[in-house]
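The values are calculated or read from the model by the stated rules, or taken from the named source; none is laboratory data. In this text the structure is predicted, and so the values were computed from the model without any measurement. In this analysis, Cβ positions are derived from the backbone assuming ideal geometry, glycine residues included, and neighbour counts consider all displayed protein chains.
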Amino acid sequence: MYSDMEAISVVSATLPIDNRLIGLKVVCTQKKSYNTDSARKDRKRFENFRKVDSSKDCMSIIQSLSKKRLHHIPILQAEGFLLDDSTLTALMLYYANNGFFIQADAVWHAILNSAYKLDIHIVLDLIDAYVRAGFFHEVLRIVQQVTIRHPHLEHQVYVHTLSCFGKIGELELMDDTLKEMVSKGYPVDSSIGNAYMVYYSCFASITMMENAYKRLKSSRFLIEKDGIRAVSHAYVRDKKFHNLGNFLREVGLGRRNAGNLLWNLLLLSYAANFKMKSLQREFLNMVEAGFYPDLTTFNIRAVAFSKMSLFWDLHLSLEHMNHNGIIPDLVTYGCVVDAYLDRRLGRNLDFALRKMNVKDSPVILTDPILFEVLGKGDFHSSSEALLEFNMQKTWTYKELIAIHVKKKLRSNQIFWNY
């Protein structure tokens, strides 16, 4: 297909655009021969196409034609139907978005060889269409053509292209694009560097990701929240919790612009392996460093205490939450309910929940990365399913707890009957 497109590019490069015609007979004619009577009927049916001034109206006619016989459009154009510049670019994008890349390529070369002032959004949309189709080498060709004909657009095109390659995991092509951009004298700013880290975290190995982070550090750019979160997800995905802790310390736990994210992730790295003494020690270090624990901070500890059946520590954590004015969410309630029901202490639930407002409506405000590491508890999972099943009802924690306790009791009775 690429050889056909290259041949078409040579032909279309000689086509004038100033006469507002697209002479695409040679380029767009299908292998199938057209019936002249059929073409004459279609031309008569859409005779008002010549009179159209608005590009939107023109494109609506093009779309209506495509629903009937798309291959008749170039024949009608070759017969002398007039198109302005905005309609020409719209037609090119319409071809590209619908998979007719030979036709789109022909219009693209006609635009390049004209005096048309190319809009950056048109180029970016065209690149997106080729990326979606997997024609990556054609994307690189478009980038080269823009750098030659419209150099004032090349920086934006480079940034967009490496972002497109990164989002789909084409890291080698992303690296090549970045190197080419740097060779042209364009700087790599913090946003590009952090996006680079995000893509490597999603698609590369841990070793490759760590090397990418070293390159970012050598460029003296700080890794931002998105980059920190992406790298942490990669370590969690591979269960490299020790490496996660080392990474967070290297980033710097004292950074204020990241909020509690770094500390919460560090606590989570210890909670994942239930290193309770280290978890408690780092929590105290967090408070001493002047950071105020948030809901996620408390829930990380609460989940660990619940799974380890550390009731005293769990209640102290709830007292601390109440003292700091942190309102518990469904995850917090789940920690209490699961801890007591797992130990068959359901009768003590009222005592455990006495200082919590069970008449509140349930919400989930905890950072989802907690669930990736420690999962969701029984109460959390069953309540979430119930809330999704009956969204019209206004639930309270008390109602959810009552249903869950009844379900647990019934399952235990069935078990003992067997």
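Taking segment 265-319 as the range and being over 18 Å from residue 379 (Cβ atoms) and of a type in the set (Gly, Ala, Ser) as the test, the residues that pass are 269, 271, 272, 278, 289, 290.
Of the residues 213, 235, 196, which single one is modelled with pLDDT of 95 or more and part of a helix (DSSP H, G or I)?
Values: 213 fails: modelled with pLDDT of 95 or more; 196 fails: modelled with pLDDT of 95 or more.
On inspection, the qualifying residue turns out to be 235.
When each of 399, 388, 384 is tested for being assigned by TED's automatic domain parsing to the domain that holds residue 317, closer than 29 Å to residue 241 by Cα and either of a type in the set (D, E, K, R) or exposed (fewer than 12 other Cβ atoms within 10 Å of the Cβ) (or both), the lone residue that passes is 384. Of the numbered conditions (1) modelled with pLDDT under 90; (2) surrounded by fewer than 15 Cβ atoms within 10 Å (Cβ to Cβ), residue 252 satisfies every one except a single condition; which is it? Looking at each condition in turn, residue 252 falls short on (1). Scanning segment 282-305 for residues that are over 22 Å from residue 253 (Cα atoms) and modelled with pLDDT under 95 gives no hits.
Pairing each residue of segment 334-354 that is in contact (Cβ under 8 Å) with a residue 24 or more places away in the chain with any residue that is outside any loop (DSSP other than H, G, I, E, B) and among the hydroxyl-bearing types (Ser, Thr, Tyr), provided the two are 6+ apart or on different chains, yields C-beta distances under 7 Å for 335/306; 338/306; 339/306; 346/340; 349/340; 352/340. Would you please name the residue that is nearest to the chain's Cα centre (by Cα), looking only at residues in segment 84-109 that are small (Gly, Ala, Ser) and closer than 14 Å to residue 142 by Cβ? Looking at residues that are small (Gly, Ala, Ser) and closer than 14 Å to residue 142 by Cβ, I get 96. Inspect segment 240-258 for any residue being small (Gly, Ala, Ser), in contact (Cβ under 8 Å) with a residue 24 or more places away in the chain and not in a helix (DSSP H, G or I) and give the result as yes or no. Checked segment 240-258: at least one residue is small (Gly, Ala, Ser), in contact (Cβ under 8 Å) with a residue 24 or more places away in the chain and not in a helix (DSSP H, G or I). Can you name every residue in segment 327-370 that is of a type in the set (Asp, Glu), within 16 Å of residue 299 (Cβ to Cβ) and in a helix (DSSP H, G or I)? 338, the sole residue that qualifies.
Residue-by-condition table, conditions (1) buried (at least 18 other Cβ atoms within 10 Å of the Cβ); (2) modelled with pLDDT of 90 or more; (3) touching a Cys at 6+ places or on another chain (Cβ under 9 Å):
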site	(1), (2), (3)
68	no, no, no
79	no, no, no
82	no, no, no
105	yes, yes, no
139	yes, yes, yes
154	yes, yes, no
166	yes, yes, yes
169	no, yes, yes
174	yes, yes, yes
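In the set (1) part of a loop (DSSP other than H, G, I, E, B); (2) surrounded by 15 or more Cβ atoms within 10 Å (Cβ to Cβ); (3) among the aromatic types (Phe, Trp, Tyr), the condition left unmet by residue 298 is number (1).
Within segment 383-401, identify whether any single residue is part of a helix (DSSP H, G or I) and within 23 Å of residue 273 (Cβ to Cβ), and answer yes or no. No; the residues of segment 383-401 include none that is part of a helix (DSSP H, G or I) and within 23 Å of residue 273 (Cβ to Cβ). Among the residues examined, residue 380 does not qualify as assigned to a helix (DSSP H, G or I) and more than 30 Å from residue 232 (Cα to Cα).
Filtering segment 273-312 to residues that are closer than 22 Å to residue 226 by Cα and not polar (S, T, N, Q) leaves 286, 291, 292, 293, 294, 295, 300. Every condition in (1) assigned to a loop (DSSP other than H, G, I, E, B); (2) surrounded by 19 or more Cβ atoms within 10 Å (Cβ to Cβ); (3) β-branched (Val, Ile, Thr) is met by residue 161 except one, and the failing one is (1). Regarding residue 232, is this residue touching a residue at least 40 places away in the same chain (Cβ under 8 Å) and either touching a Ser or Thr at 6+ places or on another chain (Cβ under 9 Å) or on the phi > 0 side of the Ramachandran plot (or both)? Criteria met by residue 232. State whether one or more residues within segment 331-350 are in contact with a His (Cβ under 7 Å, 6 or more places away or on another chain), buried (at least 18 other Cβ atoms within 10 Å of the Cβ) and not small (Gly, Ala, Ser). Within segment 331-350, one or more residues are in contact with a His (Cβ under 7 Å, 6 or more places away or on another chain), buried (at least 18 other Cβ atoms within 10 Å of the Cβ) and not small (Gly, Ala, Ser). Can you find, within segment 171-193, the residue that is nearest to residue 141 (Cα to Cα) among those that are hydroxyl-bearing (Ser, Thr, Tyr) and not in a loop (DSSP other than H, G, I, E, B)? Top of the filtered list is 177.
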